[in-house]
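S.K.: Would you mind keeping the following structure in view while I ask a few things?
The values are calculated or read from the model by the stated rules, or taken from the named source; none is laboratory data. Nothing here was measured: the structure is a model prediction, and the numbers come from that model. When we count neighbours, we look across all protein chains shown, and the Cβ atoms used for this are built from the backbone with ideal geometry, even at glycine. Each accessible area value is taken on the protein alone, full model and side chains, heavy atoms only, with ligands, DNA and RNA left out. Shrake-Rupley method; radii C 1.70, N 1.55, O 1.52, S 1.80 Å.
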Amino acid sequence: MDEDAPIEDGLADELRQSIGALVRTVRAADTMPPGEAAALGYLDRGGPLTTADLAQRRGVTHQSAAKSVKELTACGLVRAEPHPSDGRKLLLHITEDGRARLRDERAQRARVIDAAIRDEFSAEERRQLADCVGLLSRLTARLTGR
């Protein structure tokens, strides 16, 4: 088989649909709005950001990101400080309460997935699934340029 030939059997589309359904199903277990969880995730992984940075990374409007930031700040999950090089901007930081809340959200998602894996798959299938995680990570890295 020619490695450069397009996949004719629809693997890419099946994978897209399957992963999309998995993500949507797991997110149903979340206890906070998706925009707020996403903002906390970006601040946790990427360090301090401005609201404009968050909007750009999430692919949403500044207004939408600002709404999430306002809620997170009101709950004490995010704090803002003046930007060191631009006094017109605020730099957003995740707080320890924000990290704890994010850990709880991630743990809840993992519990949902873990329960489904244990209920649905045999020991051999779980090993096969574990082998696929590395492949999916490589695919993600390729698509995100990391």
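S.K.: Can you confirm whether residue 27 is open to solvent by 90 Å² or more (accessible area, probe 1.4 Å), out of contact with any Gly (no Cβ under 9 Å at 6 or more places or on another chain) and among the basic types (Lys, Arg)? Give the derivation first.
M.R.: Numbers: open to solvent by 90 Å² or more (accessible area, probe 1.4 Å): yes; out of contact with any Gly (no Cβ under 9 Å at 6 or more places or on another chain): yes; among the basic types (Lys, Arg): yes.
Yes.
S.K.: If you don't mind, another one. Within the bounds of the range 57-67, is there any residue that is part of a helix (DSSP H, G or I), open to solvent by 80 Å² or more (accessible area, probe 1.4 Å), touching a residue at least 24 places away in the same chain (Cβ under 8 Å) and over 13 Å from residue 38 (Cβ atoms)? So that I can check it myself, show each step before the final result.
M.R.: Residues of the range 57-67 part of a helix (DSSP H, G or I): 57-58, 62-67.
Filter once more, keeping what is open to solvent by 80 Å² or more (accessible area, probe 1.4 Å): 57, 62-63, 67.
Checking the rest, the ones that are also touching a residue at least 24 places away in the same chain (Cβ under 8 Å) come to 67.
Add one more test, that the residue is over 13 Å from residue 38 (Cβ atoms), and what stays is none.
No, every residue in the range 57-67 fails to be part of a helix (DSSP H, G or I), open to solvent by 80 Å² or more (accessible area, probe 1.4 Å), touching a residue at least 24 places away in the same chain (Cβ under 8 Å) and over 13 Å from residue 38 (Cβ atoms).
S.K.: For the subset of the range 114-146 comprising residues that are hydrophobic (A, V, I, L, M, F, W, C) and closer than 22 Å to residue 44 by Cα, which member is surrounded by the fewest Cβ atoms within 10 Å (Cβ to Cβ)?
M.R.: Start the filter on the range 114-146 by keeping residues that are hydrophobic (A, V, I, L, M, F, W, C), which leaves 115-117, 121, 123, 129-130, 132-133, 135-136, 139, 141, 143.
Filter once more, keeping what is closer than 22 Å to residue 44 by Cα: 141, 143.
Details: 141: 10, 143: 8.
Result: 143.
S.K.: I would also like to ask the following. Among the candidates 92, 54, 102, 49, which residue alone is open to solvent by less than 70 Å² (accessible area, probe 1.4 Å), touching a strand residue (DSSP E or B) at 6+ places or on another chain (Cβ under 8 Å) and closer than 30 Å to residue 120 by Cα? Reasoning before the result, please.
M.R.: Values: 92 fails: closer than 30 Å to residue 120 by Cα; 54 fails: closer than 30 Å to residue 120 by Cα; 49 fails: closer than 30 Å to residue 120 by Cα.
Going through 92, 54, 102, 49 in turn, the sole match is 102.
S.K.: Continuing with the same structure: For the list (1) over 22 Å from residue 136 (Cα atoms); (2) out of contact with any strand residue (DSSP E or B) (no Cβ under 7 Å at 6 or more places or on another chain); (3) in a helix (DSSP H, G or I); (4) among the charged types (D, E, K, R), I need the number of the one condition that residue 86 fails.
M.R.: Tallying (1) over 22 Å from residue 136 (Cα atoms); (2) out of contact with any strand residue (DSSP E or B) (no Cβ under 7 Å at 6 or more places or on another chain); (3) in a helix (DSSP H, G or I); (4) among the charged types (D, E, K, R), residue 86 fails exactly one: (3).
S.K.: Also: Taking the stated definitions as given, is residue 77 open to solvent by less than 60 Å² (accessible area, probe 1.4 Å), within 23 Å of residue 29 (Cβ to Cβ) and at pLDDT 95 or above? Steps first, please.
M.R.: Numbers: open to solvent by less than 60 Å² (accessible area, probe 1.4 Å): yes; within 23 Å of residue 29 (Cβ to Cβ): yes; at pLDDT 95 or above: yes.
So residue 77 passes the test.
S.K.: Right, another one. How many residues, within the range 80-99, are modelled with pLDDT under 95 and either of a type in the set (Ser, Thr, Tyr) or within 13 Å of residue 39 (Cα to Cα) (or both)?
M.R.: Number satisfying all stated conditions: 1.
S.K.: Can you list residue pairs whose Cβ atoms sit under 8 Å apart, with the first residue in the range 17-41 being at pLDDT below 95 and the second being of a type in the set (Asp, Glu)? Count only pairs 6 or more apart in sequence or on different chains.
M.R.: Within 8 Å, the pairs are 30/105; 31/104; 31/105; 32/105; 33/71; 36/71; 37/30; 37/105.
S.K.: Let me ask something else about it. Look at the range 68-79 and say how many of its residues are closer than 17 Å to residue 34 by Cβ and of a type in the set (D, E, K, R).
M.R.: Start the filter on the range 68-79 by keeping residues that are closer than 17 Å to residue 34 by Cβ, which leaves 68-72, 75, 77-78.
Filter once more, keeping what is of a type in the set (D, E, K, R): 70-71.
The total comes to 2.
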